[in-house]
Amino acid sequence: MDHFKTIESYCRAINISKPKHPNFDIRSFKDNMPTVVHAMRPFRHEFYAIALKATGGGKVISGHHTDFPEGSTIFFNSPFQILSWDIVPDWEGFYIMFSQDFVAKSHFLQDILEHFPFLKIEKDIPFEVEPEDINPILSIYESIQLEYQSEHPDKFQLIESYVLLLLNIVKRYFLKNIAPNDAKDEIRKTDLKILSRFQTLIEISFYDNTKLDNDSALHSTSYYAQKLSIHPNHLNAVSKQITGQTAKQHIQNHILGLAKARLIQTQDSVKEIAYSLYFDSPNNFSSFFKKMTSKTPNSYRKEAIL
């Protein structure tokens with residue numbers, strides 16, 4: 001399955017021109033139609049997308065959802081979801097795409113998953129747009145496109161505001177069409193699945209004999225997020241919301257538990273334990289242990305066996 005890490009690589013794959021900006025893009029479906037690939041096999045990309053299909057035929061499979069309304073439709077995609085399509089080349093409307101880096105650098109969008117938790121659901125649900133809403137929504141996209149094509153130094157400040165407006169519109173449709181309890185159950189179910197897979201990955205990784213190019217990667221949130229096909233910010237948000245601890249704290253607590261067990265239950269030297277837990281050096285391990293416990297590994301071992 002193809003996996004597009006950049007917006008530029010995605011544009012290249014669907015046969016449209018490269019974006020003006022690496023972390024944000026806006027397109028008119030009508031402008032895309034002459035060259036875009038009309039049938040795309042299942043793929044993933046690492047961006048958020050919000051689209052308004054004003055008119056157009058064919059089938060799009062977004063997440064687990066295949067039944068798109070025939071009329072005007074607003075829909076969203078989250079990073080790493082599986083997409084495919086077989087469309088009639090008559091689509092009109094717009095879509096925007098923006099990366100997690102765009103979100104991280106934005107004052108307005110940093111807490112996107114907290115304010116718009118529907119983005120975490122593994123299935124993207126298309127919503128039929130009320131006729132009176134079509135032109136106002138189209139005007140938002142047109143405003144984004146105008147700013148995007150401009151040379152104003154502050155253009156992305158306005159674009160971020162428009163993105164926030166679109167997200168709130170999607171949220172309104174989501175809350176209108178999905179029963180609150182059903183929405184909460186879906187979001188909770190997705191979060192718990194991610195957390196469970198994360199915790200299992202931590203356990204397995206420290207007993208896996210596979211050699212990594214950089215063993216200390218096992219200490220990083222990014223390593224597990226990549227394995228889970230989600231962004232590190234998403235993993236942190238899920239972990240914090242359910243457990244009150246960041247993903248990094250979960251990793252560190254697991255490493256600390258293993259370190260304590262090996263100090264007490266084995267005769268391995270501090271150096272051997274350090275390398276067995278994928279630290280770059282014994283000094284780094286000792287610094288970590290002292291930071292977490294206020295004791296050196298040797299002093300902890302001596303006190304524990306008294």
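The values are calculated or read from the model by the stated rules, or taken from the named source; none is laboratory data. It should be emphasised that the depicted structure is a prediction, and the values quoted were computed from it without experimental measurement. Here the Cβ positions follow ideal geometry from the backbone for every residue, glycine too, while neighbour counts run over all protein chains shown.
Tell me, please, whether a residue that is closer than 21 Å to residue 23 by Cβ and of a type outside the set (Phe, Trp, Tyr) can be found in the range 175-186.
The answer is no, given that none of the residues of the range 175-186 is closer than 21 Å to residue 23 by Cβ and of a type outside the set (Phe, Trp, Tyr).
Condition check ((1) outside any loop (DSSP other than H, G, I, E, B); (2) at positive phi; (3) modelled with pLDDT of 90 or more; (4) of a type in the set (Asp, Glu)) across all residues:
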residue	(1), (2), (3), (4)
26	yes, no, yes, no
30	yes, no, yes, no
36	no, no, yes, no
43	yes, no, yes, no
50	yes, no, yes, no
70	no, no, no, yes
76	yes, no, no, no
83	yes, no, no, no
96	yes, no, yes, no
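For the criterion of being touching a Leu at 6+ places or on another chain (Cβ under 6 Å) and surrounded by fewer than 21 Cβ atoms within 10 Å (Cβ to Cβ), residue 94 fails.
Residues are listed down the side, and each one gets a yes or a no for (1) assigned to a helix (DSSP H, G or I); (2) more than 27 Å from the chain's Cα centre (by Cα); (3) surrounded by 14 or more Cβ atoms within 10 Å (Cβ to Cβ); (4) not assigned by TED's automatic domain parsing to the domain that holds residue 112:
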site	(1), (2), (3), (4)
225	yes, no, yes, yes
235	yes, no, yes, yes
238	yes, no, yes, yes
259	yes, yes, yes, yes
263	yes, yes, yes, yes
274	yes, yes, yes, yes
298	yes, yes, no, yes
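Filtering the range 201-216 to residues that are assigned to a helix (DSSP H, G or I), at pLDDT below 80 and not charged (D, E, K, R) leaves only 216.
Residue 195 satisfies every condition listed in (1) at pLDDT 75 or above; (2) over 26 Å from residue 252 (Cα atoms) except (2).
Yes/no per residue for (1) surrounded by fewer than 17 Cβ atoms within 10 Å (Cβ to Cβ); (2) under 24 Å from residue 162 (Cβ atoms); (3) assigned by TED's automatic domain parsing to the domain that holds residue 165:
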position	(1), (2), (3)
29	no, yes, yes
39	yes, no, yes
46	no, yes, yes
51	no, yes, yes
79	no, yes, yes
89	yes, no, yes
105	yes, yes, yes
111	yes, yes, yes
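Just checking, how many residues over the range 146-200 are outside any helix (DSSP H, G or I) and under 23 Å from residue 79 (Cα atoms)? So the count comes out to 1. Across the range 106-141, what is the total count of residues that are modelled with pLDDT of 90 or more and either under 11 Å from residue 52 (Cβ atoms) or among the small types (Gly, Ala, Ser) (or both)? Result for the range 106-141: 10.
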